[in-house]
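Notes to accompany the following structure.
The values are calculated or read from the model by the stated rules, or taken from the named source; none is laboratory data. The structure displayed is predicted, hence computed values, not measured ones. A quick note on method: Cβ atoms are made from the backbone with ideal geometry, for glycine too, and the neighbour counts reach across all protein chains shown. The area values use the complete protein model at the heavy-atom level, side chains included, leaving out ligands, DNA and RNA. Shrake-Rupley method; radii C 1.70, N 1.55, O 1.52, S 1.80 Å.
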Amino acid sequence: MAAFLRRVKGGFQRFLERPATVDLSHYDKVLKSIAWRESRVEKLTDEELTAATAELRRSDEDTGKAFDDTEIVQLCALGREAARRGLSERPFDVQLIGMMELLAGHVVQMATGEGKTLAGALAAAGYALQGHPVHVMTVNDYLAQRDAEWMRPVYALLGVTVGWVNQTSTREERRAAYAADITYGSVSEIGFDVLRDRLCTSADGPDGPVQDEPGVVLIDEADSVLVDEARVPLVMAGSTADHQTDPEVAKIVRVLQPGTHYQRDEDGRNAWLTERGAQVVEKALGGIDLYSGEHSDRLAAVNAALHAHALLERDIDYIVRDGKVHLINTSRGRIALLQRWPDGLQAAVEAKERLAPTESGEVLDSITVQGLVGRYPIVCGMTGTAVAVSEQLREFYQLRVAVIPPNTPCIREDEPDRIYATESTKDAAIIAEIVATHATGRPILIGTADVAESERMAGKLAEADVPCVVLNAKNDAQEAAIVAEAGAFGAVTVSTQMAGRGTDIRLGGKDSADHEKVAELGGLYVIGTGRYPSSRLDDQLRGRAGRQGDPGGSVIFAALSDELVQVYAPDATAGDEPDEDGRLIDPTSRRFIEHAQRVSEGVHLEVHRNTWRYTRLIEHQRGVLLEYRNELIGTDLAETELASISGDRWSDLTETLDDAVLEDVARTIMLYHLDRCWTEHLAFLSDVRETIHLRALARETPIDEFHRAAIPAFKKIPDEVAARSAETLETATITEAGVDMETAGLMRPTSTWTYMVHDSPFDTDAEQALQRVRAMLKKVKGSRRR
Ligand code: ADP
Ligand code: MG
């Protein structure tokens, strides 16, 4: 019923406002009041300023209550003054509007360089004063630390504490950081802590969780996190003794030939065995029927090996260094340190490269970025590009977008795409443009699709005698330093995607020394070497120029032979002959480029939707399980359960053992089996997921089939836990020292580790989505023809 009402309400809202943006017109009055308050607040000493802020802090009874208008005005005035004193930066009106919209729980769109870090910090302080624990999520560790330390003086004046976590933080440091009013951390670190806390066996103390209950999350670069990375699962794995990779399968697959034994789809995302290939494999495995239910393990292993063999290429998808496979994150264009493929595929690639298998372990728990964000009762965020994803933000997170105007109007000149027939004519034109512009000293930022292209560009520039810096550093801090200098006189910077880089580019270099000189040349000139998979990513790139009213310009060079066009608009043809430089100026070519980008956007959305259909169920189950688990930790549930199932044994034990010991024994046993069952459940689900499209075939839609398998399996868990726990209680050695789990063969993992799963070609969703979107478009075309 509630869900129904929400849907109706959602539909109604959609009807009322379109796009999903909020109205800012009422802020004039508020800003006047703030300015008036500011004149008073200015006169306060630092101590008085802190004391005045403390008056806004909610008491225990009022925790979480939003601020009324007077309080908001006071908070803005105090925050503005604290920033002026702490950073020598007086927040602009637009920053205060941004802050208030964040406090209203929206995603604010503010252009690059408008000062979102500060606006976000003031909002975080506001939420903290309301009594919410606040997490500020950044895209990487470097930014978490940078922003927390940068804003610290402002927080100090406001009497609010701040902490940060990064990959190297110890458990104690984490606990201290999360105990602060406001905690900065990258998405992955905060997520990994959620996963690690899930394994805690006590409610507090050193074995207890490091995080409190989730309160508010404020997400920087919100579109990157909420849309681009939403599907990424964060995984915690544990080592166990008995895992097997299948070197045998790798050997079998190695000799298979494309065309004869397997087929590959044109965009290299999927591969499958032909009838003949399947026969070869089945024979080599001893004449089994690969597609029967009992061999689903083998089928998964064969699939993984085939993907590793047919689709993943060394030095493009991954590199081998120090005897290990390192993934290349193709969208960000750098080595993905924390990432690996799903276990089966990782092992298959290791087997393909004849490397020793890394510990693959078992997945103990996992949560997607979207699921992680969904835990917070209050979500807000900021980014330079939110409007383009406003539909998704509403669909997946029930979030609305507030568009904050820039402090100084943007005067950047965005030229329409220059389109070429082929890659070589496009490249020649790009180099010519760079050479001509560089001769004037105007700084140039070149956005490329991936590492390979950035290096190709750098090579061509070297041939043309243009010195350049290539942004593919493996270190975020170094990367930020390079970006900061990209606006210097004469700078030429070649970069992969700019989204989520979090450093703004000042004209005339980091210290703005040559600002005037560079401004006279037209400011930063941004050149894209092709359209990105979404127009939002193009906007992120363009947005690096023209910051805070600076002059600037941008242009994208595209070609009909670009991968984006080839994959998403394969029948693209020029409407006219190219001119002598290979340039196309006909409207048809332009339409094909735009069409390809739109199809690509549609595919990504479909994939997101589809993955969410699967993960939503798992995440719901995870929540239910967690509640049960917390009950085991926090109440006497474990005792009551075991006393009721194994009455005799239980009463025997009560005669010889202390109550406290017995309580602990019951809890230890039940938690062990609960965690064990969840691990097994996750393994089962991932198996179902990986083979479902093969098994379901035409009978059912995969998602229904998935639900049909997942729901009953989950429902069995409580009984299974009870039965296994009863057995342990009956058979294990139980003394004053507790229960001897080790001798009973019930060991918790000796080591755990965390990683993010790389968006893998294993993913059949993308392929299916592409087919669907293409089919849809074909239908449209077909009906038009008629
Ligand atoms: P964004 O995240 O919106 O791209 P940042 O928060 O990185 O922008 O800020 C960009 C730059 O603007 C920083 O160097 C910051 O010091 C500066 N800045 C922010 N707010 C102000 C202000 N009110 N007055 C002057 N400079 C500011
Ligand atoms: Mg920023």
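How big is the Kirkwood radius of region 93-230, worked out from every pair of different alpha carbons and given in Å to one decimal?
15.2
How many angstrom lie between the C-alpha centres of region 627-647 and region 421-478?
64
So who's got an amide H within less than 5 Å of the one on D365, skipping anything under 5 residues away but keeping other chains? H placed 1.01 Å off N, in plane.
For D365, the qualifying residues are M236.
Give the carbon-plus-sulfur fraction of the accessible surface of the chain in %, rounded to a whole number; probe 1.4 Å, heavy atoms of protein chains only.
Using a 1.4 Å probe with all protein chains present, the chain comes out at 51 percent carbon and sulfur.
Just need the relative contact order of region 155-248 here, percent rounded to a whole number, with Cα pairs under 8 Å and 6+ apart.
Relative contact order comes out at 22 percent.
Can you list residues from other chains, or at least 5 along the same chain, whose modelled amide H is less than 5 Å from the amide H of A558?
Residues meeting the criterion, in which the H sits 1.01 Å from N, are R418, I419, Y420.
So, in nm, how far is label E61 from label T170 when the simple model puts each one 7 Å beyond its Cα toward the Cβ?
4.3
Taking R0 as 41 Å, what FRET efficiency do you get between T440 and E627 from their Cβ-Cβ distance, rounded to the nearest 0.05?
Taking R0 as 41 Å, the efficiency between T440 and E627 is 0.05.
With a sphere of radius 12 Å drawn around the Cβ of T635, what net charge do the other residues whose Cβ falls strictly inside it have (Lys, Arg +1; Asp, Glu -1)?
Net charge around T635: -4.
Over the chain, with the other protein chains present, what is the accessible area per residue in square angstrom, probe 1.4 angstrom?
Averaged over the residues of the chain, the accessible area is 45 Å².
Using θ = phi - 60° and the Karplus relation 6.51 cos²θ - 1.76 cosθ + 1.60, list the HN-Hα couplings for region 299-305 in order, rounded to whole Hz, with x at every Gly or Pro.
4, 4, 5, 5, 4, 4, 4
Quick one: 3J(HN,Hα) in Hz for region 709-715, Karplus 6.51/-1.76/1.60 with θ = phi - 60°, rounded, Gly and Pro as x.
After applying 6.51 cos²θ - 1.76 cosθ + 1.60, I find 7, 6, 5, x, 4, 5, 5 Hz.
Divide by every residue of the chain the summed helix terms, -39500 (n - 2.57) for each DSSP H run of at least 4, and state the resulting mean residue ellipticity at 222 nm, rounded to the nearest 500 deg cm²/dmol.
Counting only the DSSP helices, I get -16000 deg cm²/dmol.
From the phi of every residue in region 391-404, what ³J(HN,Hα) in whole Hz does the Karplus formula 6.51 cos²θ - 1.76 cosθ + 1.60 yield, where θ is phi - 60° and glycine or proline is x?
Per-residue couplings from phi come out as 5, 5, 4, 6, 5, 8, 10, 6, 10, 10, 10, 10, 8, 9 Hz.
Separation between the A683 and Q398 pseudo-spin-labels, each 7 Å from Cα along Cα→Cβ, expressed in nm?
Taking the two extended label points, one gets 3.7 nm.
Beta carbons within 10 angstrom, averaged per residue: use that to sort the peptides 170-179, 739-748, highest first.
Top of the packing list down: 170-179, 739-748.
For region 542-592 and region 211-235, write down the distance between their C-alpha centroids in whole Å.
Spelled out, the Cα-based centre of one part sits 33 Å from the other.
Hey, what did region 463-618 get for relative contact order, percent, Cα under 8 Å, at least 6 apart?
15
Once you keep just the Cα pairs under 8 angstrom separated by 6 or more residues, what percentage relative contact order results for the chain?
Relative contact order for the chain comes out at 14 percent.
Given a 1.4 Å probe and the protein chains all in place, what does the accessible area of F192 round to, in Å² to the nearest 10?
0
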